[in-house]
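Visitor: Sharing a structure with you now.
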Ligand code: CTP
């Protein structure tokens, strides 16, 4: 991790902690001379327990010049914050400090650059030209700054990207299957719909949306162009800081409408949302207790969104449904796979308390239209998503040349 001299340097400390929490084996800090004026090498050493590299003139590491050894050791190189000066140096291939010498020796592996600077410096055509040069290189990912309050007191573009954005970018750049869904447009739905009863009450279900969001995150890391549609029941932290568009809906009719607008240009649809099968003709005013005992609600069926979309699917499109069942898991899932003409369905047993709704883990069986079944044993939801996606992509590619439009 390379840190340059800007006020956003202090945010490197939090990121280091988060990288460690997420399992980074080592975070090796490199600092420019001016970075040491903003945060101290001792801070970074205390956080990482690593030598903090400060000069390109230091002695060899493991029998190699320091910048060569560092470039060889790391799986990814993140420069955060990157100053205007650093962007200019990198874009021109300069090698005059420990960051630039290491960066120029760091080829064939992901180099991520997260700039932070004053808006006018960021928007200056010279800076933008340097950015263009940098992003034209295959191994470089630029993590664009966001809009926010800047150290100079102005508000505008140039604010260091959020920690969540940087983590997603790093995860994507280092993902072993980062090209698996490249060029694919993918729609994912997540969460339980809300069907209003009156302005206060809703009819909903226990879906937390965690499985669907895990699919969206993994698909993004696998190179897909993701759009996530989530319902009001999804309260996951930092959902608004995802690096892909997140659309919020409430009722199943709104979900259907949002899908309608996107479906034509979609290659894969993952319908993880728990859609209400019934809706209520909502009262305009809050329903009062009115002194009577029982109160009856008339439930009207909703549209089967997935079934309707699948009936219009084009040959290149792949449609994956989800079945959360409390009994006869595989028979019920198989029935839905056929009835809704899906390419695959992902079934999980909600009678188990250790997996499924609300839980961070899941165990699923993937049923494919071509007849095979694969069970993914109990694992954290992102891991389940990763394994399911690898399987689906493999099957899809294998059958692409065959006449059947299904997996
Ligand atoms: N689904 C949908 N529209 C609905 C109900 C469900 O698109 N009105 C989708 C879900 O998002 C899921 C799949 O269909 O991907 C299976 O959902 P499920 O509720 O299990 O299926 P139903 O057809 O509603 O069957 P049942 O309620 O009888 O189990």
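The values are calculated or read from the model by the stated rules, or taken from the named source; none is laboratory data. On a predicted model such as this, the values are computed, not experimentally measured, just so you know. All Cβ positions, even for glycine, are placed from backbone atoms using ideal geometry, and neighbour counts span all protein chains on display.
Visitor: Out of 310, 256, report the one residue that is touching a helix residue (DSSP H, G or I) at 6+ places or on another chain (Cβ under 7 Å), outside any strand (DSSP E or B) and either within 12 Å of the ligand (Cβ to nearest atom) or outside the structural domain of residue 364 (by TED's automatic domain parsing) (or both).
Guide: Answer to the selection: 256.
Visitor: Tally the residues that are within 10 Å of the ligand (Cβ to nearest atom) and under 19 Å from residue 307 (Cα atoms), restricting the search to region 326-358.
Guide: 11
Visitor: With the structure loaded, tell me whether residue 231 is more than 26 Å from residue 359 (Cβ to Cβ) and surrounded by 21 or more Cβ atoms within 10 Å (Cβ to Cβ) or whether it fails that test.
Guide: The answer is no for residue 231.
Visitor: With under 17 Å from the mean Cα position of the chain (by Cα), buried (at least 16 other Cβ atoms within 10 Å of the Cβ) and assigned to a loop (DSSP other than H, G, I, E, B) as the only criterion, which of 170, 180, 187 stands out?
Guide: Just a single option satisfies the conditions, and that option is 180.
Visitor: Same structure, new question: Would you call residue 226 outside any strand (DSSP E or B), crowded, with 17+ Cβ neighbours inside 10 Å and either within 16 Å of the ligand (Cβ to nearest atom) or not assigned by TED's automatic domain parsing to the domain that holds residue 166 (or both)?
Guide: No, not satisfied.
Visitor: Among 59, 19, which is the only one that is assigned by TED's automatic domain parsing to the domain that holds residue 71 and surrounded by 20 or more Cβ atoms within 10 Å (Cβ to Cβ)?
Guide: On inspection, the qualifying residue turns out to be 19.
Visitor: Within region 233-252, can you find the residues that are part of a loop (DSSP other than H, G, I, E, B) and more than 16 Å from the ligand (Cβ to nearest atom)?
Guide: Answer for region 233-252, where residues must be part of a loop (DSSP other than H, G, I, E, B) and more than 16 Å from the ligand (Cβ to nearest atom): 235, 236, 237, 238, 242, 243, 244, 245.
Visitor: Residue check, residue 59 against (1) outside any loop (DSSP other than H, G, I, E, B); (2) farther than 16 Å from residue 173 by Cα; (3) without any contact (Cβ under 8 Å) to a residue 40 or more places away in the chain, all met but one. Which one?
Guide: (1)
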